[in-house]
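Undergrad: One structure is given below, represented as structure tokens, and several questions about it will come after.
The values are calculated or read from the model by the stated rules, or taken from the named source; none is laboratory data. What you see is a predicted model; the values in this text were computed from it and never measured. Positions of Cβ are backbone-derived with ideal geometry, glycine not excepted, and every protein chain shown enters the neighbour counts. These area figures cover heavy atoms from the full protein model, side chains too; ligands, DNA and RNA do not enter into them. Shrake-Rupley method; radii C 1.70, N 1.55, O 1.52, S 1.80 Å.
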Amino acid sequence: MGRWRYAVWAVVVAYMGWTAVTSLVHAVELHGWPGAVLDAALYCVATGFCYIAYRYEKNAIWWLAAAAALGLYLHFHTPYLGTSLMFLAVWLAPFRARLWPAIILTTATTVGFLRTSLAIDLEENAIIGIGFALGWAGFLAAILNQLAVTRRESKAVAEAQAKTAVLGERQRLAREIHDILAHSLSAQVVHLEGARLLLEQGGDRDVILDRVIRAGDLARSGLEDSKRAVTALRGDQTPLVEQLEELAKQFRSTTGRSCEVSVTGDAGQLAPEAWLAVVRTAQEALTNAHKHAPEAQVMMDLRCAEEWCELEVRDTGGKPVESTGNGYGLVGMRERAELIGGTLDAGPVDDGFRVRLRVPA
């Protein structure tokens, strides 16, 4: 009930008190004080049963059934005295028990009221009105309870989705850190460590300078990749074809080998996640070709249709590759593809190696 809790309970207490007082006054007229005292005692007991059901969910339906039964008896003994107890029982039932037991209790209480009212010759209008109200009270309570359950479940689902989104974002950032920093920093460490060893051993100055220059180039390349990743994560990525051409240009300038790009279809409609997956896969494939396929020529084919986009990177003419490897690079590419509903295949073909990525357009 939230912030309306006290207002609702004020109405309930006022209704229960008013019906109890007026009915007990009528009981004194019908049965005298001994009968009125008995009615008052039973009324308090039934009210206590309802309170127990409200506070403790275990066996709540049975406490409410007992309260409704006492309400029927009081209604039979003193007309209208037990109606408030019946209303309270059928109202609490959907909130404290499962739906079907609550429906059975409401139905049984309504039928019991009708039969008891006919037995004591209650007015027909009162029988119809109160009987209908009992059924409506149980129905309305069930609807409100279901709305509350749906609200709680929706909140739980939203919290779970938020946690999943946070976890997914962490995984995506972890992949970006690997794809950007791991490559550039590890290569920089190799070159700088080599330069340090050459300096300690009095190596050739030109060789040492070349190592330092390569480390600087890698640092600048890593910085550019970081900028591109931030841009992509913000949804402001550059056209995919231009990005692939830039990667091919970097590969040619770094290795001196051929790297051609072929594009079929429109690649401008890809979502940021798919765009980033294609770029990172191309970058990883070119890095692997550079490290593991000396003298190989590389060909990148990008084929896009209405519902999917496929990137294929092949290297040929280098040393044969016997396995796909177990490094995190291929694993990360495959995870990235699967998270957006795509697939990735990588393995040796003919005299080279092929990486093929397929993502939804």
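Undergrad: Given the conditions (1) crowded, with 21+ Cβ neighbours inside 10 Å; (2) in contact with a strand residue (DSSP E or B) (Cβ under 9 Å, 6 or more places away or on another chain); (3) of a type outside the set (Lys, Arg), and given that Met299 satisfies all but one, which numbered condition is not satisfied?
TA: All conditions pass for Met299, except number (1).
Undergrad: Would you pick out the residues in the stretch 84-119 that are surrounded by fewer than 17 Cβ atoms within 10 Å (Cβ to Cβ) and either among the basic types (Lys, Arg) or in contact with a helix residue (DSSP H, G or I) (Cβ under 6 Å, 6 or more places away or on another chain) (or both)?
TA: Looking only at the stretch 84-119, we keep the residues that are surrounded by fewer than 17 Cβ atoms within 10 Å (Cβ to Cβ), and these are 98-100, 104, 107-108, 111, 114-115, 118-119.
Arg98, Leu114, Arg115, listed by residue number.
Undergrad: Go through the residues of the stretch 30-52 one by one and say whether even a single one is at positive phi and open to solvent by 60 Å² or more (accessible area, probe 1.4 Å). Please lay out each step first, then the result.
TA: The initial filter retains those residues of the stretch 30-52 that are at positive phi, namely 32.
Restricting the remaining residues to those that are open to solvent by 60 Å² or more (accessible area, probe 1.4 Å) gives none.
No: zero hits.
Undergrad: Return yes or no: is Leu42 within 56 Å of the chain's Cα centre (by Cα), of a type in the set (A, V, I, L, M) and under 15 Å from Ala69 (Cβ atoms)? Show your work before the answer.
TA: Numbers: within 56 Å of the chain's Cα centre (by Cα): yes; of a type in the set (A, V, I, L, M): yes; under 15 Å from Ala69 (Cβ atoms): yes.
When the stated conditions are applied, Leu42 passes them.
Undergrad: Take Glu312 and tell me if it is open to solvent by 70 Å² or more (accessible area, probe 1.4 Å), at pLDDT 85 or above and not in a helix (DSSP H, G or I). Break it down into steps so the answer makes sense when it comes.
TA: Numbers: open to solvent by 70 Å² or more (accessible area, probe 1.4 Å): no; at pLDDT 85 or above: yes; not in a helix (DSSP H, G or I): yes.
Here the answer is no, as Glu312 does not meet what is asked.
Rundown of residues vs (1) within 17 Å of Ile103 (Cα to Cα); (2) of a type outside the set (Lys, Arg); (3) in contact with a helix residue (DSSP H, G or I) (Cβ under 6 Å, 6 or more places away or on another chain), yes/no style:
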| position | (1), (2), (3) |
| --- | --- |
| Gly32 | no, yes, no |
| Asp39 | no, yes, yes |
| Phe49 | no, yes, yes |
| Lys58 | no, no, no |
| Trp62 | yes, yes, no |
| Gly71 | no, yes, yes |
| Tyr80 | no, yes, yes |
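Undergrad: Only one of (1) open to solvent by 30 Å² or more (accessible area, probe 1.4 Å); (2) farther than 23 Å from Arg152 by Cα; (3) not aromatic (Phe, Trp, Tyr) is not met by His75, so which one is it?
TA: Against the list (1) open to solvent by 30 Å² or more (accessible area, probe 1.4 Å); (2) farther than 23 Å from Arg152 by Cα; (3) not aromatic (Phe, Trp, Tyr), His75 comes up short only on (1).
Undergrad: Under 6 Å between Cβ atoms, which residue pairs at least 6 apart in sequence (or on different chains) link something in the stretch 210-224 that is under 14 Å from Glu193 (Cα atoms) with a partner that is in a helix (DSSP H, G or I) and modelled with pLDDT of 80 or more?
TA: Arg211/Gly194; Arg211/Ala195; Val212/Ala195; Ala215/Leu192
Undergrad: For Glu159, which of the numbered conditions (1) free of Cβ contacts under 8 Å to residues at least 12 places away in the same chain; (2) buried (at least 16 other Cβ atoms within 10 Å of the Cβ) fails to hold?
TA: (2)
Undergrad: Further question: Do we have Gly342 as over 22 Å from Glu245 (Cα atoms), under 33 Å from the mean Cα position of the chain (by Cα) and at pLDDT 80 or above here? Before the answer, list the steps.
TA: Working: over 22 Å from Glu245 (Cα atoms): yes; under 33 Å from the mean Cα position of the chain (by Cα): yes; at pLDDT 80 or above: yes.
Considered against the rule, which asks whether it is over 22 Å from Glu245 (Cα atoms), under 33 Å from the mean Cα position of the chain (by Cα) and at pLDDT 80 or above, Gly342 comes out as yes.
Undergrad: Step by step: first the residues of the stretch 211-264, then only those that are surrounded by fewer than 13 Cβ atoms within 10 Å (Cβ to Cβ) and not in a helix (DSSP H, G or I), then the one that is modelled with the lowest pLDDT. Which residue is that?
TA: Top of the filtered list is Gly235.
Undergrad: Now, a different point. Anything in the stretch 58-77 that is farther than 15 Å from Val45 by Cβ and either outside any helix (DSSP H, G or I) or free of Cβ contacts under 8 Å to residues at least 24 places away in the same chain (or both)? List them, or say none.
TA: Lys58, Asn59 - these are the residues of the stretch 58-77 that are farther than 15 Å from Val45 by Cβ and either outside any helix (DSSP H, G or I) or free of Cβ contacts under 8 Å to residues at least 24 places away in the same chain (or both).
Undergrad: Restricting to the stretch 265-309, name every residue that is in a loop (DSSP other than H, G, I, E, B), among the aliphatic types (A, V, I, L, M) and touching a helix residue (DSSP H, G or I) at 6+ places or on another chain (Cβ under 9 Å). Lay out the reasoning, then the answer.
TA: From the stretch 265-309, those in a loop (DSSP other than H, G, I, E, B) are 265-271, 293-296, 305-307; that's our starting set.
From what is left, the residues that are among the aliphatic types (A, V, I, L, M) are 267, 270-271, 293, 296, 305.
Correct list: Ala267, Leu270, Ala296.
Undergrad: Sticking with this structure for a sec: Restricting attention to the stretch 162-195, and to residues there that are over 29 Å from the mean Cα position of the chain (by Cα) and loosely packed, with under 13 Cβ neighbours inside 10 Å, which single residue is modelled with the lowest pLDDT?
TA: Out of the qualifying residues, it is Ser186.
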